[in-house]
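K.L.:
I'd like to ask some things about the structure below.
The values are calculated or read from the model by the stated rules, or taken from the named source; none is laboratory data. Remember, it's a predicted structure, so these values are computed and weren't measured experimentally. Glycine also receives a Cβ, built like all others from the backbone with ideal geometry; neighbour counts cover every protein chain displayed. Only protein heavy atoms, including side chains, enter the accessible area calculation; ligands, DNA and RNA are left aside. Shrake-Rupley method; radii C 1.70, N 1.55, O 1.52, S 1.80 Å.
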Amino acid sequence: MRRLISRVFLLPWRAFVAKLAFRVINDPKHRTRDPGRNHDEDCCRGAQARADFPCCGICACLACAGAKIGLTVGQELDIPGFDPLKVGVYDTSTNTAAAAIFDTLTTLDEKGEVAPKLAVSWTHSDDYMIWTFKLREGVKFHDGTPFNAQAFKENFDRQKDPANKCRCAFYITNVKEVLAPDDYTVVYRLTDPSVNLPAVITIQSQNNVIHSPTAWKTKGDDYNRNPVGTGPYILKSWTAGDRMVLEKNPNYWDKSRPYLDRIILKPLPDAQSRFASLQSGEADIIWDDENDADNIMKAQKDSKLTVHTYKGSGAQVYAFNTKVAPFDDARVRQALVMAIDRPKMSQAISNGLSRPATNPYGDGSWVKCKDDGALPFDVEKAKALIKDYGKPVEFKMLVSATPRGRMIGQVLQQFWKRAGANMEIEQVDQATIPSRAFTRQFQLTPWRIVDLADPDPQMYANFRSGSPLALSSFSNPELDKLLDHARVTADLGQRTEDYCAISRLINKEAIWFWTFQNTYYALSSAKLKGFPKIYNGVIDVSTTWLE
C-alpha cells in the first residue's frame, strides 16, 4: 500500500500522511470541510475522485485508516481549568479553548460589530438599564441538558453568589440580576446604564461562556477539568502539560459547522519551540507576539506560512503593590516610570515592532485622549525623585521564566539602574503569576489589559476600591467617582472624558504603568483558512478549515 500511494501521488509516505491524512475520515457521512464548497457532495462515498475536491481521490485509499481532519494549536500556556469558581479569571490560552467548547450569547463579526450566537436578537430600555435577549431554540449542551433561559440564569447566579467568593464576580458588579421570564428570554437588570452590553459579553471569558448546570452539579470539584458547553467541540481527553484533544460536536446547532473533526491544543511556552513546531508541521497555527519578532519576520517571508495580525485595544501593563515599600511612596513609582525609554525598549525586545503605550486604551479603542497625563521619559528627573526619597530603592519584579520574560526584566533592570534603583528579577512559572498577583505576593508584577469592545469591565475591576482584582491595592475617592460615572452615562463624549481623566490620575499616581499597546499575532500554515480577527488575543479556530 505504501508503494502504491507513493507512486500514485509522487510523494514520500511521511510527507503524504502529514499533508493528507487529516483530510480523511472513516465516517460515511463525511463531507468536504471547505465551507465555500458544496456540502452535499460526499467525496468519501465510493472511490470517484474529483479534482476540485481536495479530499477526493484519497478516500478510496485511506477510508479505512481512521484518519480525521484535524488541526493542532501551539499555545503559550497550559490551561489551569474552566470552572470560574476555581480559576477566577481565564487567561488567553483558556479563552482559546473556551471558544471551541462553549458559546456566548453574542459574537463580533469581521467588522467588529455585534452578531447573534446563542442569542438571536436583543433590545434595551430607553435608559439602557434593562437588556432583553431572545435565545436560540433547540440548543443542547454536550451532555444533553437543554440550553434555555434557566440554564443561563443559573450560570450567572452561581458566579454572582457571594457565598461562592468568585473573583469573577467583580466583572459583573454592574448587573443587578438576570431573569428568565420564559424558556427563551433572558433579561439583564443593571445597576447602571450599559450602552455596549451586547458587545461587552462577546469575549469568551469566565463570565460569558455558558456551562451546563447539570455538569457542574454532578461533577463537583472535578468539573474544572471536565467542562461541558454548547460549543462546536467536545472535550475528548486532557493530559496536563501535554495536550488537550477536542472533537467535533455532531449535534452542534449551526449545522454548517464545525469544519474540522478534531482540534489539539498543545502548551508550548518557549517561542522557539512553538515556531519550530509550526515549521515542521507538528502545529498548524501558533500563538505569538512581537517579542518573537525574528520568527514573525521569518514567517512573513515564507510562502508556506501566514502571519495574522490584529491591533486591538488595551496594553501590556505592570502593577505596583502600593502597600509595600518602596512602592508605598509615589515618588519611587513615578521615578521608575520616568526612567523607561519605550522606543529603545521596543527596539531591544521586538526589533521595533512593539508600539509604545501611554494609557491603557490603545489605538484600537474608541477612547481617544488629547491628554492622557503620561509621565515623560526623563532620567534626570527620575534620579532626583529617588534622591528625594532618601532611602535605597531595592525591590523584586516578577517575570515569567521564559526568554521573553527574562529579556523584558533585563531591559527594565538596566533602565532603573541608570536612575539609581536596584531591581532583582524573580523568575516564576508563567501560570503562577496570576495567583501571586491575586494574593498580592509581589512588589511589581506584569499584567495585561486585553482587547475589549468597552473599557468598563477591566478598568472598573482593576482600579475600583475594594475590587479583588485591583492589584495595586490603591484607593482614591476621585478615581472611584470617575469609574462609577463612566459606567453610568450613556453619552460617548462624556465617557471618553471620564476615561481620559482616569488615565491622567493613574499616570500621575503611577500605580500601574503601560509599556506597549496590544498587537496580537498568530502564525499559521498557509493552508489554514477561515481564521477570524484575533479579538481579545483569542486564537479562535472553531471556524477554520484546512485547504
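K.L.:
Under 22 Å Cα to Cα from Lys111, which lysines show up? Leave out anything in the same chain fewer than 8 places away.
P.N.:
Correct list for Lys111: Lys311, Lys368, Lys529, Lys533.
K.L.:
Sticking with this one: In whole Hz, what ³J(HN,Hα) sequence does the stretch 476-481 give by Karplus (6.51, -1.76, 1.60; θ = phi - 60°), x for Gly and Pro?
P.N.:
Using θ = phi - 60°, the values come out as 8, x, 5, 5, 4, 4 Hz.
K.L.:
Here's something else I'd like to know. Contour minus end-to-end for His485 and Lys387, with contour as 0.36 nm per residue of separation and end-to-end as the Cα-Cα distance? Don't jump to the answer; show the numbers that get you there.
P.N.:
On the way: separation 98, 0.36 × 98 = 35.28 nm, distance 3.82 nm.
Roughly 31.5 nm would be gained on extension.
K.L.:
What FRET efficiency, computed as 1/(1 + (r/R0)^6) with R0 = 35 Å and r the Cβ-Cβ distance, is obtained for Asp143 and Lys176, rounded to the nearest 0.05?
P.N.:
Working from the Cβ atoms, E equals 0.70.
K.L.:
While we're here: Can you pick out the pairs among Lys68/Lys266; Lys165/Lys323; Lys140/Lys248; Lys323/Lys417 whose Cα atoms lie more than 20 Å from each other?
P.N.:
Those over the limit are Lys165/Lys323; Lys323/Lys417.
K.L.:
If you don't mind, there's one more thing I want to ask. Helix 92-101 sits at what angle to the longest principal axis of the chain, using alpha carbons and giving 0 to 90 degrees rounded to 10?
P.N.:
40
K.L.:
Could you order the peptides 449-460, 349-360 from most to least packed, using the average number of other C-beta atoms within 10 Å per residue?
P.N.:
The packing order, highest mean first, is 449-460, 349-360.
K.L.:
Let me ask something else. Using a 1.4 Å probe, how large is the accessible area of Arg158, given in Å² and rounded to the nearest 10?
P.N.:
Rounded to the nearest 10, the figure is 40 Å².
K.L.:
If you don't mind, there's one more thing I want to ask. Suppose each label sits 7 Å from its Cα in the direction of the beta carbon; what would the Trp366-Ala115 distance come out to in nanometres?
P.N.:
1.9
K.L.:
Provide the per-residue ³J(HN,Hα) series for the stretch 155-163, in order, calculated from phi with Karplus coefficients 6.51, -1.76, 1.60 and θ = phi - 60°, each as a whole number of Hz, with x at glycine and proline positions.
P.N.:
4, 5, 4, 4, 6, 7, 4, x, 5
K.L.:
Within the stretch 103-124, name every residue whose backbone N is under 11 Å away from a label modeled 7 Å from Cα of Lys134 along the Cβ vector.
P.N.:
120-123
K.L.:
By average Cβ neighbour count within 10 Å, what is the ranking of 130-136, 262-268 from highest down?
P.N.:
Those peptides, ordered most packed to least, come out 262-268, 130-136.
K.L.:
Bins of 5 Å, beginning at zero and ending with the bin holding the largest distance: percent of Cα pairs per bin for the stretch 288-349, please.
P.N.:
For the stretch 288-349, the pair-distance distribution reads 3, 12, 16, 16, 15, 12, 10, 6, 5, 3, 1.
K.L.:
How much of Val324 can a 1.4 Å solvent probe reach, expressed as accessible area in Å² and rounded to 10?
P.N.:
50
K.L.:
Less than 16 Å apart at the alpha-carbon level, and either on another chain or at least 8 residues along: which aspartates and glutamates does that give for Lys391?
P.N.:
Asp328, Asp329
K.L.:
For Leu105, enumerate residues with amide H under 5 Å from its amide H, sequence gap 5+ or separate chain, H modeled in the peptide plane.
P.N.:
Under 5 Å from the amide H of Leu105: Leu118.
K.L.:
Label Val187 and Ser465 with points 7 Å out from Cα along Cα→Cβ: what is the distance between them in nm?
P.N.:
Between Val187 and Ser465, the label points sit 3.4 nm apart.
K.L.:
Give a residue-ordered list of calculated ³J(HN,Hα) values for the stretch 424-432 (Karplus: 6.51 cos²θ - 1.76 cosθ + 1.60, θ = phi - 60°; whole Hz; x for Gly, Pro).
P.N.:
Values per residue, Gly and Pro as x: 9, 7, 10, 7, 9, 4, 4, 5, 8 Hz.
K.L.:
Around Val367, under 15 Å between beta carbons, what's the net of Lys plus Arg minus Asp minus Glu among the other residues?
P.N.:
-3
K.L.:
At 7 Å along Cα-to-Cβ for each site, give me the label-to-label distance between Thr123 and Lys344 in nm.
P.N.:
Going by the 7 Å Cα→Cβ label model, 6.1 nm.
K.L.:
Rounded to a whole number, what % of the accessible area of the chain do carbon and sulfur atoms account for, probe 1.4 Å?
P.N.:
The C+S portion of the solvent-accessible surface of the chain is 50 percent.
K.L.:
Let me ask another. With a sphere of radius 9 Å drawn around the Cβ of Gly420, what net charge do the other residues whose Cβ falls strictly inside it have (Lys, Arg +1; Asp, Glu -1)?
P.N.:
Details: positive: Lys383, Lys387, Lys417, Arg418; negative: none.
Spelling it out: positives minus negatives among the neighbours equals +4.
K.L.:
Let me ask something else about it. Kindly provide the helix-only [θ] at 222 nm of the chain, computed as the sum of -39,500 (n - 2.57) over DSSP H runs of four or more divided by all residues, to the nearest 500 deg cm²/dmol?
P.N.:
Calculated from helices alone, the mean residue ellipticity at 222 nm is -8500 deg cm²/dmol.
K.L.:
Now, a different point. Quick check: residue separation of Ser473 and Asp157 times 0.36 nm, minus the Cα distance between them. What number comes out in nm?
P.N.:
Length gained, Ser473 through Asp157: 111.0 nm.
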